[in-house]
Amino acid sequence: IIIVPYKLAKDLGGYIASVSVIAEKPIHLKEIVNELALATNLDIYVGINGTVKYYSKATIITFYGLNFLLPPLFIGGFTLMNSILAAVRNREHEIKIYSTLGGSPQTVSVMWLAEALVYATCGSLIGYLIGMGGNFMLMNLHVLPSYFILNYSSRFVVFSVVIILLFTIFSSIYP
């Protein structure tokens, strides 16, 4: 291992393998490490008061998009809930027929819940596939740059599907 200044390493064709930072005030260390992790693709380990914490660009970016995801997700969830409640209201006559034919209230509720879950699952799957296909199409049309690759296995995808399923279950149980 050879430790050299950054400029000399770059001039010789080197690359950054490790960075050492000594902060005069540990209070500002978290901000420094976050900026450093965002600027590089390095794994950063920070030791403070006998504990070691791990920082990387991926872990920091993971939580930055959450504030952009929540508003449309909840707007979509409430729209879905409103649609399901309207469907239940419009099909009250059908519910009365099921009850007249001997269906218990629990049976009718389970039927509505099953139907709503099928809609939510199919809708989530179709939306996921449309997103993948749309990204592929926009990349082939050169609307998006070739390096713009979406992460389809992100926690946000699972989080979105779970939130929509919860809205669906709540709207089916509510009436």
Kindly indicate whether any position in segment 106-115 is among the aromatic types (Phe, Trp, Tyr), in contact with a helix residue (DSSP H, G or I) (Cβ under 7 Å, 6 or more places away or on another chain) and within 19 Å of PHE167 (Cα to Cα).
-> yes
Of all the helices (runs of 4 or more DSSP H) wholly in segment 34-137, which have at least 3 residues that are in contact with a Phe, Trp or Tyr (Cβ under 7 Å, 6 or more places away or on another chain)?
-> 66-90
Leading residue by the ranking (farthest from the chain's Cα centre (by Cα)) among those in segment 87-100 that are open to solvent by 60 Å² or more (accessible area, probe 1.4 Å) and β-branched (Val, Ile, Thr) | THR100
Residues being open to solvent by less than 40 Å² (accessible area, probe 1.4 Å), closer than 22 Å to GLY77 by Cβ and small (Gly, Ala, Ser): count how many of those fall in segment 101-122.
-> 2
How many residues, within segment 131-175, are loosely packed, with under 14 Cβ neighbours inside 10 Å, closer than 21 Å to PHE78 by Cβ and of a type in the set (A, V, I, L, M)?
-> 4
Quickly run through segment 54-86 and pick out the residues that are at pLDDT 80 or above and open to solvent by less than 40 Å² (accessible area, probe 1.4 Å).
-> LEU73, GLY76, GLY77, MET81, ILE84
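The values are calculated or read from the model by the stated rules, or taken from the named source; none is laboratory data. All values reported here derive from a predicted model rather than from experimental measurement. We place every Cβ from the backbone using ideal geometry, glycine too, and count neighbours over all the protein chains shown. To get the accessible areas, we keep the full protein, side chains included, count just its heavy atoms, and leave off ligands, DNA and RNA. Shrake-Rupley method; radii C 1.70, N 1.55, O 1.52, S 1.80 Å.
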